[in-house]
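Peer 1: After the structure tokens below, expect a handful of questions from me.
The values are calculated or read from the model by the stated rules, or taken from the named source; none is laboratory data. This one's a predicted model, so the numbers in the text were calculated from it and none came from an experiment. Neighbour counts are summed over all protein chains in view; Cβ atoms, including those assigned to glycine, are modelled from backbone coordinates with ideal geometry. For the accessible areas, the whole protein counts, side chains as well, though only heavy atoms, and no ligand, DNA or RNA atoms are used. Shrake-Rupley method; radii C 1.70, N 1.55, O 1.52, S 1.80 Å.
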Amino acid sequence: MHELSGRPAARWAWALAAFVLLLAGCAHARAPGPGDAGRLDVLAVEVFLADIASNVGGDRIRVAALLPEGADPHGYEPTPSDVRRVADCQVLIVNGGGLEGFLERLLAGAGGQKAVIVASDGLQSRTVEQGHEGDPGHTGDPHFWLDPNLVLTYVENIRAGLSAVDPDGSADYAVNAQAYGAELTALDAWIRDRVQTIPEARRLLVTNHESLGYYADRYGLRVVGTIIPSVSSGASPSAQQMVELVEKIRATGAPAVFLESGSNPRLADQLSSEAGILVVPGLYTHSPGSAGAGAGSYIGMMRANTLTIVEALQ
Ligand SMILES: [Zn+2]
């Protein structure tokens, strides 16, 4: 068990350094090769990340998500069985960027060496404008995946990480990554086209917490405000912050507040009655939802979200 101290940002930096080290240290030692021990056993922390990994790994990997569908990664508390699953997998894929505040504890509990791929490695956080009092673990915005263009970096990091652990699969991973990258590029163009059908003055977002910053930046929307004024979902707004949000909504004429799936509707309902704003449920931001809900995969989730946003704002 490591005794860590210092600021959370410094601790996270320590964790990132350790991940790279562990990946370098055990790249070949634990490589099973699909020929001898079946497929590479990969665990991705979030469901959307497991789907992205599955597209890159194809038949050479067996991938599962650590967190159940609908779980909130910001406030997640790992269970003893999570620790066992991390200990048993051959490769762990994390989003990084400060999303998984529980990772250090989880890895320390799992013990041993672990190949860890940080999917968002190399991406720069957007500037987070709102305050984060009481939310010291989030110094940047980890929601890179809500911009498919940034997911191209996830794909490249996953391709490189899988290739390091399983060099015999390198050519397969490269082919898969290229094909999936083309799907992401097409998705990016499709979202851009859809958003452009919204009148410019109505391209305004209000959400639960500050999750859609990268999406808004990419597609020319503006985040007017969020109920929870944070890039984490763990905080809660003060009465004064709610008053300010109502004022911003009135001043901009933002048509709707989008309720992220799994979040508590109480504050959105309060906002709806105070600001006369429509509550639109069913935004899949941290988990793709079930296939029946129109999502079921990372690409499906992004398409479903875009249709929800466009329909409400048009
Ligand atoms: Zn979030």
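Peer 1: Just want to confirm a number: the relative contact order over the range 195-313, from Cα pairs under 8 angstrom separated by 6+ residues, in percent.
Peer 2: About 23 percent, as a whole number.
Peer 1: Could you go through the range 112-125 in sequence order and give the Karplus-derived ³J(HN,Hα) for each residue, using 6.51 cos²θ - 1.76 cosθ + 1.60 with θ = phi - 60°, rounded to whole Hz, and x for Gly and Pro?
Peer 2: x, 9, 9, 6, 10, 9, 8, 4, 8, 3, x, 7, 8, 5
Peer 1: What number comes out for accessible area per residue over the range 195-313 if the probe is 1.4 Å? Units Å², please.
Peer 2: Value returned for the range 195-313: 39 Å² of accessible area per residue.
Peer 1: Could you go through the range 41-54 in sequence order and give the Karplus-derived ³J(HN,Hα) for each residue, using 6.51 cos²θ - 1.76 cosθ + 1.60 with θ = phi - 60°, rounded to whole Hz, and x for Gly and Pro?
Peer 2: Working through the residues one at a time gives 8, 10, 10, 10, 5, 9, 4, 5, 6, 5, 5, 4, 4, 5 Hz.
Peer 1: Over the heavy atoms of Asp82, what accessible area does a 1.4 Å probe trace out, to the nearest 10 Å²?
Peer 2: For Asp82, solvent-accessible area is about 10 Å².
Peer 1: Out of Val206, Ala275, Ala304, whose Cα points farthest toward the positive end of the dipole of the range 195-313 (charges: +1 Lys, Arg; -1 Asp, Glu; placed on Cβ)?
Peer 2: Ala304
Peer 1: Give the long-range amide H neighbours of Val279: residues separated by 5 or more places, or on another chain, with amide H under 5 Å away, using H modelled in the peptide plane at 1.01 Å from N.
Peer 2: Under 5 Å from the amide H of Val279: Val257.
Peer 1: Using a 1.4 angstrom probe with every protein chain in place, what is the largest-first accessible-area order of Val243, Val45?
Peer 2: Result of the area sort, largest leading: Val243, Val45.
Peer 1: Among Glu311, Glu77, Glu100, what's the order by accessible area (1.4 angstrom probe), most exposed first?
Peer 2: Glu311, Glu77, Glu100
Peer 1: Got a number for carbon plus sulfur as a percent of the range 170-314's accessible area, 1.4 Å probe?
Peer 2: Roughly 50 percent, rounded to a whole number.
Peer 1: Still on this structure: So what's the range 195-313 giving for Cα Rg divided by 2.2 N^0.38 Å, two decimals?
Peer 2: Output field value: 1.00.
Peer 1: A further question on this structure: With all protein chains present, calculate the accessible area of Lys248 using a 1.4 Å probe and round the result to the nearest 10 Å².
Peer 2: Accessible surface of Lys248 is approximately 90 Å².
Peer 1: Starting from the amide H of Glu100, placed 1.01 Å from N in the peptide plane, find each other amide H under 5 Å away whose residue is 5 or more places distant or on another chain.
Peer 2: none
Peer 1: Follow-up. So how much accessible area does Ile277 have, in Å² to the nearest 10, using a 1.4 Å probe?
Peer 2: 10
Peer 1: Same structure again: If you plug each phi of the range 231-246 into the Karplus form 6.51 cos²θ - 1.76 cosθ + 1.60 with θ = phi - 60°, what whole-Hz ³J(HN,Hα) values come out, in order, with x for Gly and Pro?
Peer 2: Each residue's phi maps through the Karplus curve to give 7, 10, 9, x, 7, 9, x, 7, 4, 4, 5, 5, 4, 5, 5, 4 Hz.
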